[in-house]
Amino acid sequence: MSETATPEAPDATGSERSALTDSRFLAWALAGLVLFAVEAPALVTFVVGFLADAIAAFPTSYAATAADFLVGIERAAIDLPTLLSRDLVPNQGYWNGEQWVGTFLGLSPAVSWAIRVALVYAYAFAFLGWFAAGYELYRRRYRTADWTPRDDVVDRFRGHSWGKFGLVVVFLFVTMAVFAPTLGPTTVDQNMRDSYSYEMQYWNADAQEVQTTLVGEANRNSQSAGDSANVGPLSYDDYGRYHPFGTMPTGSDLFTFIVVGSRISLIIGVLSVALSALLATSLALVSAYYKGRVDLSLVLLSDAVMAMPQLLLLIMLSTVLAETWIGGIYSGGFVLALIFAGTGWTYMWRSVRGPALQVSERSWIDAARSFGQTPTTIMRQHMLPYVTGYLLIYGSMTLGGAIISIAGLSYLGLGVAPPTPEWGRAINLGQDYVATGSWHISLIPGVLITIVVTGFNALGDGIRDAIDPQSDSATGEAAGRGGGA
């Protein structure tokens, strides 16, 4: 009986690839599950707290009940252990005359805090690597097509040094905002909200013994207010507490103020850009599809909106709406997002309108009309994908502008209401001490604002050059490759 030779299977594609490489996908999915599980309570706390703050501002009994329910979930999630929790790697302790007590492995507060920060960013980069590995796995093993125009965009961005710099800065900033409660040397309640409700122990060098005091009293005695009283960056106060960026005029830890303020800036910025993008894209597609009088009307409307003084509107509406329920959402941050979106959509609309007009003249749009597709379907399925890349470009650039605008308004005492931390308010509090030993109060947040805004602009430049290698800013290798998405 002769044996029939079985030929070797050719390179598999599509579903065949999925069957042959299922173990790789399972390994990737398992790694993602582990990464998510070790920080799931922190993610739940972030999302639930975000929703609770928004719902609590509505003036109804149902909203109050829902907010209380979400707050209960948030408190329960806070008590659950996580890999990066403050309890696992504590940095708040005291010196008993011989060694540190209450800190991680008995290390100094500075070293304990640095270890926790390193773990947070190691986790964040591991998650980024997991996402990149998943994309490569999909691209090389599971995707039916061997090549798509998106591959060239990704490859061009990988060779764009300025864009990668922006991506790193934005990633570090987002990680800071997401893990703000963990990164701070102290908690928000102890630092600024309710510091006199907490006690702490410290080593009294004069009495040579461990004593107890209120955190608020310790803050009051650790103020940075010029040359006479100052706790600078990378130093300890008289109570053995480590301050990476020093303290503020109130005695609060500046680093904790900044990391919590980054969350406020990111939420307001993302919300304002998302609303602007939604409004600008919708109007750009409508004007490009119908043209004529519709397009002319929108041009006149955008000119009218751009002619209005944005700063005057911000001051007026922030003042008028400050005492209303909508002004209470995120301490006035939601009002800022609405104003930024209502006055800033015109710039994004003009940027997206050109590409939308170009795609509206393509032959496939006429073909879709001839097949009887509705205008809404044509705009959503055939025109929107073409302008999505431009939204990424201008959205990232607009987000940087929104962050610096929020900081500027907070510096002027507008927008986000105190005591909610915001970077511009820190600059305002330290402006009287710029030429003294407490220079760090204004300089550090000012430098961080500059770096973050530059990072968002660099990311936008990188995305633009990757999508359109023929653009004016695309030079060198990125421009020489040619092609497009």
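The values are calculated or read from the model by the stated rules, or taken from the named source; none is laboratory data. Given the structure is predicted, the values throughout are model-derived calculations rather than measurements. Neighbour counts are summed over all protein chains in view; Cβ atoms, including those assigned to glycine, are modelled from backbone coordinates with ideal geometry.
Restricted to segment 70-108, and to residues there that are part of a loop (DSSP other than H, G, I, E, B) and among the β-branched types (V, I, T), the residue that is nearest to G240 (Cα to Cα) is T103. Restricting D461, D432, D465 to those that are assigned to a helix (DSSP H, G or I), exposed (fewer than 15 other Cβ atoms within 10 Å of the Cβ) and at pLDDT 80 or above reduces the list to D432.
Determine whether V259 is surrounded by 15 or more Cβ atoms within 10 Å (Cβ to Cβ), modelled with pLDDT of 90 or more and part of a helix (DSSP H, G or I). Criteria met by V259. The combined condition, being closer than 30 Å to E209 by Cα, among the charged types (D, E, K, R) and within 25 Å of the chain's Cα centre (by Cα), is fulfilled by R86. Taken as a whole, the condition of being at pLDDT 90 or above and under 31 Å from the mean Cα position of the chain (by Cα) does not apply to V294. Here I268 fulfils each of the conditions (1) surrounded by fewer than 19 Cβ atoms within 10 Å (Cβ to Cβ); (2) at pLDDT below 90; (3) closer than 30 Å to P385 by Cα apart from (1). Inclusion of V335 among residues that are assigned to a helix (DSSP H, G or I) and under 24 Å from the mean Cα position of the chain (by Cα) is warranted. Among residues that are under 27 Å from V174 (Cα atoms), in contact with a Phe, Trp or Tyr (Cβ under 6 Å, 6 or more places away or on another chain), part of a helix (DSSP H, G or I) and at pLDDT 75 or above, G32 is included.
Can you say whether A288 is closer than 16 Å to G354 by Cα, at pLDDT 90 or above and not β-branched (V, I, T), as far as the supplied structure shows?
Taking the combined requirement at face value, the residue satisfies it.
Scanning segment 399-423 for residues that are part of a helix (DSSP H, G or I) and without any contact (Cβ under 8 Å) to a residue 24 or more places away in the chain, we see that the one that is surrounded by the fewest Cβ atoms within 10 Å (Cβ to Cβ) is G408.
Just for segment 225-256: of the residues that are among the aromatic types (F, W, Y) and out of contact with any helix residue (DSSP H, G or I) (no Cβ under 6 Å at 6 or more places or on another chain), which one is surrounded by the fewest Cβ atoms within 10 Å (Cβ to Cβ)? Filtering segment 225-256 for residues that are among the aromatic types (F, W, Y) and out of contact with any helix residue (DSSP H, G or I) (no Cβ under 6 Å at 6 or more places or on another chain), the one surrounded by the fewest Cβ atoms within 10 Å (Cβ to Cβ) comes out as Y236.
Of all the criteria given as (1) loosely packed, with under 13 Cβ neighbours inside 10 Å; (2) touching a Lys or Arg at 6+ places or on another chain (Cβ under 7 Å), the one not satisfied by I393 is (1). Just to be sure, is E98 out of contact with any helix residue (DSSP H, G or I) (no Cβ under 6 Å at 6 or more places or on another chain) and of a type in the set (D, E)? For E98, the condition - out of contact with any helix residue (DSSP H, G or I) (no Cβ under 6 Å at 6 or more places or on another chain) and of a type in the set (D, E) - is met.
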